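These notes are about the structure you will find just below.
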Amino acid sequence: MTNPADCRLYLITPPRLEPQGFAETLKAALGAGDVACVQLRLKHEDGEAPADAIRRATELLLPIAQAHGAAFLINDRADLAAELGTDGVHIGQKDTPYKEARKLLGPDRIVGVTCHDSRHLAMSAGEAGADYVAFGAFHKTDTKQPISMAEPEILTWWSELFEVPCVAVGGITIDNAPPLVAAGADFLAVSAGVWAYQEGPAAAVIAFNKAISEKS
């Protein structure tokens with residue numbers, strides 16, 4: 001998951017899924033077009049998903065992602081990412097601190113950091129060695145309650161000054177994606193915009209890649 005010249009798609013799983021059934025959905029989506037990364041983000045009504053649920057999903061889904069050339073990350077749980085041998089972890093500001101996550105995963109695996117709409121948080125993460133910084137939410141989303149709302153200008157500011165890739169996240173759909181690509185996003189992190197797409201996830205991946213290519 002490097003910093004390519006063109007923006008790429010970054011898929012975030014639904015917060016609740018049955019791994020065996022979702023495996024086929026994921027195969028179809030990844031087989032439809034370019035996807036840089038898959039982030040496993042499981043949540044239960046009372047918060048974090050049990051570790052065993054994350055383990056079971058990872059065992060089924062990680063090989064599928066990697067077979068399609070996509071990095072596989074776990075949300076929040078750096079300890080499980082290290083244990084299960086994933087390609088990396090995505091951490092929020094209230095999760096495992098960056099230094100601890102890096103220590104657990106080592107220098108060669110991905111550690112991405114949520115930075116909300118904060119230039120300060122992004123610069124701190126970049127200076128610490130984060131592999132990418134994530135800004136958002138850019139649009140309202142039903143996937144999670146956004147802590148902040150961000151404007152596309154922050155992507156332009158970041159991409160013009162720093163080499164660390166930036167990820168745009170939050171309520172991204174095929175229709176509202178182009179301005180984020182044009183603003184400088186290296187990756188578009190999408191969940192419901194793919195999994196709940198009316199014509200199906202595979203069609204969504206095709207449409208997202210088309211929208212990205214037209215704006216890159």
Test: residue in the stretch 200-211 that is over 16 Å from the mean Cα position of the chain (by Cα), within 19 Å of Ile91 (Cβ to Cβ) and β-branched (Val, Ile, Thr): no
Of residues in the stretch 113-164 being at pLDDT below 95 and among the basic types (Lys, Arg), the one nearest to Ala183 (Cα to Cα): Lys140
Selection within the stretch 122-145 - buried (at least 19 other Cβ atoms within 10 Å of the Cβ) and part of a helix (DSSP H, G or I): Ala122, Ala125, Gly126
Per-region count, the stretch 154-163, residues surrounded by fewer than 21 Cβ atoms within 10 Å (Cβ to Cβ) and either touching a residue at least 24 places away in the same chain (Cβ under 8 Å) or within 27 Å of His44 (Cβ to Cβ) (or both): 6
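Within the bounds of the stretch 63-74, is there any residue that is closer than 23 Å to Leu9 by Cβ, aromatic (Phe, Trp, Tyr) and surrounded by 15 or more Cβ atoms within 10 Å (Cβ to Cβ)? Step through it out loud before you land on a result.
Initially, the stretch 63-74 is screened for residues closer than 23 Å to Leu9 by Cβ, giving 63-74.
In the following step, the residues that additionally are aromatic (Phe, Trp, Tyr) were identified as 72.
From what is left, the residues that are surrounded by 15 or more Cβ atoms within 10 Å (Cβ to Cβ) are 72.
Yes, the stretch 63-74 has at least one match.
Do we find that Leu80 is in contact with a strand residue (DSSP E or B) (Cβ under 9 Å, 6 or more places away or on another chain) and part of a helix (DSSP H, G or I) in this structure? Give the derivation first.
Details: in contact with a strand residue (DSSP E or B) (Cβ under 9 Å, 6 or more places away or on another chain): yes; part of a helix (DSSP H, G or I): yes.
In short, yes.
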Extreme residue, surrounded by the fewest Cβ atoms within 10 Å (Cβ to Cβ), among residues of the stretch 178-216 that are farther than 14 Å from Asp34 by Cβ and touching a strand residue (DSSP E or B) at 6+ places or on another chain (Cβ under 6 Å): Ser191
Pairs with Cβ under 8 Å, 6+ apart, first in the stretch 182-203 and under 15 Å from Gly171 (Cα atoms), second outside any loop (DSSP other than H, G, I, E, B) and among the basic types (Lys, Arg): Phe187/Arg8; Leu188/Arg8
Residues that are crowded, with 16+ Cβ neighbours inside 10 Å, out of contact with any Pro (no Cβ under 9 Å at 6 or more places or on another chain) and within 28 Å of Ser159 (Cα to Cα), drawn from the stretch 5-29: Cys7, Arg8, Leu9, Tyr10, Ile12, Thr13
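Could you say which residue among Glu199, Glu160 is assigned to a helix (DSSP H, G or I) and charged (D, E, K, R)?
Numbers: Glu199 fails: assigned to a helix (DSSP H, G or I).
So the residue among Glu199, Glu160 that is assigned to a helix (DSSP H, G or I) and charged (D, E, K, R) is Glu160.
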Tabulated pairs, the stretch 45-63, first small (Gly, Ala, Ser), second part of a helix (DSSP H, G or I), C-beta under 8 angstrom, 6+ apart or interchain: Ala51/Leu80; Ala57/Pro19; Ala57/Phe22
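Mind checking whether some residue in the stretch 25-45 is among the hydroxyl-bearing types (Ser, Thr, Tyr) and part of a loop (DSSP other than H, G, I, E, B)? Lay out the reasoning, then the answer.
Step one: filter the stretch 25-45 for residues among the hydroxyl-bearing types (Ser, Thr, Tyr), giving 25.
If we keep only those that are part of a loop (DSSP other than H, G, I, E, B) as well, we get none.
No, that holds for no residue.
State whether the residues of the stretch 116-133 include one that is in contact with a Phe, Trp or Tyr (Cβ under 9 Å, 6 or more places away or on another chain), in contact (Cβ under 8 Å) with a residue 40 or more places away in the chain and within 26 Å of Arg16 (Cα to Cα). Give the steps one after another, and end with the answer.
First pass over the stretch 116-133, keeping only residues in contact with a Phe, Trp or Tyr (Cβ under 9 Å, 6 or more places away or on another chain): 116-119, 122-126, 128-130, 132-133.
Those still in the list that are in contact (Cβ under 8 Å) with a residue 40 or more places away in the chain too: 122, 132.
Remaining after also requiring within 26 Å of Arg16 (Cα to Cα): 132.
Checked against the condition, which is being in contact with a Phe, Trp or Tyr (Cβ under 9 Å, 6 or more places away or on another chain), in contact (Cβ under 8 Å) with a residue 40 or more places away in the chain and within 26 Å of Arg16 (Cα to Cα), the stretch 116-133 yields at least one hit.
Looking at this structure, is Ala150 surrounded by 22 or more Cβ atoms within 10 Å (Cβ to Cβ) and not in a helix (DSSP H, G or I)? Full working, then the answer.
Values: surrounded by 22 or more Cβ atoms within 10 Å (Cβ to Cβ): yes; not in a helix (DSSP H, G or I): yes.
So Ala150 fits the description; yes.
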Residue within the stretch 145-153 that is touching a residue at least 12 places away in the same chain (Cβ under 8 Å) and closer than 24 Å to Phe72 by Cβ present: no
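The values are calculated or read from the model by the stated rules, or taken from the named source; none is laboratory data. Source: prediction; values computed, not measured. Positions of Cβ are generated from backbone atoms using ideal geometry, with glycine treated the same way; all protein chains shown enter the neighbour counts.
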